[in-house]
Structures are given as C-alpha cells and as structure tokens.
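Heads up, the thing below is written out as structure tokens.
The values are calculated or read from the model by the stated rules, or taken from the named source; none is laboratory data. Here the structure is a predicted model, which is why all the values come from computation and not from measurement. Heads up, the Cβs are rebuilt from the backbone with ideal geometry, glycines too, and the neighbour counts pull from every protein chain shown.
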Amino acid sequence: MSDQGEMAQRHDASDPEGPDAGHAPPTRGRMWRHLGPGIVVAATGVGAGDLVATLIAGSRFGYALLWAAVVGCIVKIALSEGSARYHLATGSTILAGWRSLGRWTSWYFGVYVIIWGFIYGATAMSATALPLTALFPGLSLRAWAIIAGLFGFAFVWFNKYETFETVMKLLVGTMFVIMVGLAILVAPSLPDIAGGMTFTLPEGSLFYTLGLIGGVGGTITTAAYGYWTQAKGWRGTPWLPMMRVDNSIAYIVTGIFVIAMLIVGAELLHSAGIALQDSDQGLLGLSGVLEERFGATIATLFLIGFAATSVSSLLGVWQGMSLFFSDWWYQLKGREEGGHEGSNAYRFYLAWLTFPPMFLLFADRPFLLVIIYGAFGALFMPFLAITLLMLNNSERLPAEARNGVVSNITLAGSAILFIVLAVQQVASLVG
C-alpha cells in the first residue's frame, strides 16, 4: 500500500467521531436502528434529472423499460457496496486505493471534481429553485436558486453528520410517501407492470435504456458512500453485514421510488399522449397535468415532493463531495490532518460548490466547460467499476471482504455498460 494509503488508514482507524463510533455492530434484529448512510447516498443520487428521465421513459414507452430502472438500482447497489466495503475492510478510503494504482488517478479525480462541482452546483441550485418558484412565485427562479445554494452552504457548514442524516431521512420520507402515493392514485394496471419486467427493447429505446440504467440513482455520489459509513462511525469488517443491509434497503426504497415515477409517467402521460419536456422544467408541466386531473392540492403535494427530492440531492452533494474532496486534498499533500467534516479543504469545496456556480445562473454556461464536464463525467463511472474490480480482488483486503462471484459479475457488467455509455456520450459531444 502507498504511504498515503497507510497515512489514511492510520487517520481513519483512530478517528473516534460518528454516532456509532465505539459501539459493536448490531445484531440483525436491531440493524434497523442504525440505518442511515445508505439512505443518504440513495437520496443524494436521485435528483430532479432522475425524475425527468424516469417520467419520460414512462411517457414514451409505457412500462416497457421498467426492468431497466430495476437493473439500474442493482448496479448502484454493487458500486456503492464495493466502495464502502473497501473503506471498512482496509480502514482507508477509496481515494487511497486509487492512489495505489498510480498517481494519475489523483490528478484525474482532482480535475474532474473541480469541473464537476462548478457545473453541478449551478444545476442543483436551479433544480431546487424550480418547485420553490412554483410554490412561492413572489421571488424569481434565480433568487430561489441563490437561496437554495446559501441554505445548503450554511446547513452543511454548521451541522455534523448526525444532524445531516436526520434531515435527509425526513426528506426521503417526504418524497417517498408523496411519489408512491401519486403512483397509487393513478391506479396502475398490475398486468402492465408485470409486462415491464420482460426485458423488451422498444424501437429507438436502446441508448435511452442504457442511460436509464446508468443514470438513475447516482453517479459519482455512489463512491461517496464509504465516507458516509465512516462518518457514521462504522469501522472494520464486523460492520460489513450492517453496511450491506443498509445499502440494500436504501436502494430497494430507491427502486420503489423510481418505479412509482415510471408508473406516473406511463399512466398520466403515455396513455394521454402527452410529451414531457426533456429538462427539469418538464416537471412543472406534470404539475399542470396533475392539477387538471386531481386538483390543486395534489399538484401542490407533487411540488413538495419535487422540492424534497431536489433539496436532498443538493444537501447530499454539498456534504458528501466536500468529504470526498478534503480526503483527496490532504492525501495529495501527504498530511495527516483533515479529510473530515470541518477541515479547511472540506469548507473550501463547500464554498466552491456554492459561490462560483452562481455566475452560471446569470449567463449561459460556457460551451467548452460543458464539453469537458460531459467527457469527464462519461469516463468516471467506467473508472469506478473497473477500479473496484481491481481493488476489491486484491490481497490488501481480508479474504472475507474480497469480491465474490456475484460482485465480480455485476461489476464487470457495470463496467461494460458504462464503457458503452461513455462512447455514446463522447461521440455525441464531438458531434
């Protein structure tokens, strides 16, 4: 293991912070009391863009792509579980593992996370502002976007993980109850839903299907799961069963949520021949459809669920990616302090996500920056899947923590999927 990896291992193993730090892993009957990091990563990964993608899948193809949403959740379970397993088994972090594969991985991640943060910051603030503007039209979209960014900045700056997790659970509960309630309200046909699990590919749906599998439920944030398990206080391989239950339950909830959105798209939009706009603005169009069919109360509830989805994604990125960045920065410097909540690097990235992206709210996003962002983003998920195959089959992990047959097959399949998506994304950018 590299010197930086050993440094990270010493630092993390001695870190006493976290609500579960110092406690023995719970028995199976008490695991539900300790659920949290998985809910955080799942809530972070499902944002306004995922709502749009799933609703459009339902509006264009009915239930035919239901299986793709389910497969996407299975893929994300494998990726986030593999990342967290490396953290728990080595006492180190996934970034330390990447550095052991070569210093180029650190530079790749550093360039990516700076560009990604600049553009995603503006995207997250705008997405959060959409339902708030519809609910409270007294302020402009830009004003609500700035307020959303400042709220995320202040909340993450002044609160530790335990408070952050509690708020995320409340937001997940709100969005889950409202969106699943909408799916029940539109009275889906059970035979049609069952037909959506037949792995069919309607004409013109291939790359849309791949995008649905690859995008719904998070991208880079799946790799942040390990940092949240450490912030929770989970240390060592005895916590692996707890982590796996936590991760699986979280993505089962995500799967139900995504299926609910696809049902709403299929029942309200596909059956009526309504085309939803291919952007976050399209969600406001669905609000109009709901108001016309079910009344203003249901439309308002949808906007509240939309807002909870967007806010949870914003808070999750503001907190989780700041942890990720701080670990990268202090490993790059070879220093033992930092890499945790409240460190200087943590607060720098928190500010980077909030303030520079506000300039994008006042002007069109620079074309070249969007091109670079798209290319790096397309290449990150294959990078994550392939490196997890390399790291979690290595001898630096205890035998009981290494990949099994199912993990290797799932990660290898994920790598192939994301390589195809990367080729498609880069080709469309060049085009």
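Odds and ends about this structure:
- For the stretch 158-200, filtering for residues that are surrounded by fewer than 17 Cβ atoms within 10 Å (Cβ to Cβ), more than 17 Å from Gly305 (Cα to Cα) and either modelled with pLDDT of 80 or more or not aliphatic (A, V, I, L, M) (or both) leaves 13.
- Selection within the stretch 15-54: residues that are in a loop (DSSP other than H, G, I, E, B) and of a type in the set (D, E, K, R). The member of this set that is farthest from Phe176 (Cα to Cα) is Asp15.
- Subset of the stretch 87-104 [farther than 26 Å from Met243 by Cα and assigned to a helix (DSSP H, G or I)]: Trp104
- Odd one out for Tyr112, checked against (1) aromatic (Phe, Trp, Tyr); (2) closer than 23 Å to Gly342 by Cβ; (3) at pLDDT below 90: (2)
- Any hit, the stretch 283-304, residues being β-branched (Val, Ile, Thr) and modelled with pLDDT under 85: yes
- Subset of the stretch 349-402 (residues that are aromatic (Phe, Trp, Tyr), at pLDDT 85 or above and assigned to a helix (DSSP H, G or I)): Tyr349, Trp352, Phe359, Phe383
- Any chance Phe176 is within 21 Å of Tyr251 (Cβ to Cβ), among the aromatic types (Phe, Trp, Tyr), assigned to a helix (DSSP H, G or I) and touching a residue at least 60 places away in the same chain (Cβ under 8 Å): yes
Residue-by-condition table, conditions (1) surrounded by fewer than 21 Cβ atoms within 10 Å (Cβ to Cβ); (2) among the small types (Gly, Ala, Ser); (3) modelled with pLDDT under 70:
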| residue | (1), (2), (3) |
| --- | --- |
| His11 | no, no, yes |
| Gly38 | no, yes, no |
| Ala43 | no, yes, no |
| Val52 | no, no, no |
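- Selection status of Ser100, in contact (Cβ under 8 Å) with a residue 24 or more places away in the chain and in contact with a Phe, Trp or Tyr (Cβ under 9 Å, 6 or more places away or on another chain): no
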